[in-house]
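The values are calculated or read from the model by the stated rules, or taken from the named source; none is laboratory data. These figures come from a predicted structure and were not determined experimentally. Note: ideal-geometry Cβ built from the backbone for every residue, glycine included; neighbour counts use all protein chains shown. We work out accessible area using only protein heavy atoms, side chains counted, and drop any ligands, DNA or RNA first. Shrake-Rupley method; radii C 1.70, N 1.55, O 1.52, S 1.80 Å.
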Amino acid sequence: EKFRVALPLLLASLLYHHEYILREFNTDHPVLSCCLFTLEGGRLSQLKSHVHADAFKNTETCLVAKGVPQHVRILHRLDLLEESRQQTADMVMERLDRVPEDLTLCMLERFQVNGTQLLESRVQD
């Protein structure tokens with residue numbers, strides 16, 4: 001009965017780590033002789049499409065990873081922070097690139113010099 005519960009998780013783990021196992025294990029390793037590694041390519045990808053993996057808690061299956069060392073959790077959070085920082089930096093740079101054009105448009109719309117509306121050709125000079 002306990003094996004029946006563990007089998008889907010074992011299968012998912014093998015499918016998730018498939019490329020790593022092929023790359024790192026010796027070709028005569030016993031796990032490479034199991035049917036998961038000898039299936040036709042299409043069948044394996046069909047099975048892999050059913051694997052739901054996430055770092056610590058999967059929102060779709062509600063499964064929670066147990067026994068993950070604290071440093072791995074910290075590294076995961078650092079990766080998320082770095083991704084967020086990069087997105088913010090990209091957004092700031094995009095907005096900064098638009099400043100000259102936005103400033104020119106604002107000056108053309110709102111400012112007058114000696115009672116004369118600024119012309120676009122004079123602003124660009």
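The C-beta contact set for the range 60-82 (first residue aliphatic (A, V, I, L, M) and modelled with pLDDT under 80, second residue open to solvent by 100 Å² or more (accessible area, probe 1.4 Å) and not in a loop (DSSP other than H, G, I, E, B), distance under 9 angstrom, 6+ apart or interchain) comprises Leu63/Leu9; Leu63/Lys57; Val64/Lys57; Ala65/Lys57.
Taking first residues from the range 14-30 that are closer than 10 Å to Val51 by Cβ and partners that are open to solvent by less than 100 Å² (accessible area, probe 1.4 Å) and not in a helix (DSSP H, G or I), the Cβ contacts under 6 Å between residues at least 6 apart in sequence or on separate chains come to Leu15/Val51; Tyr16/Val51; Tyr16/Ala53.
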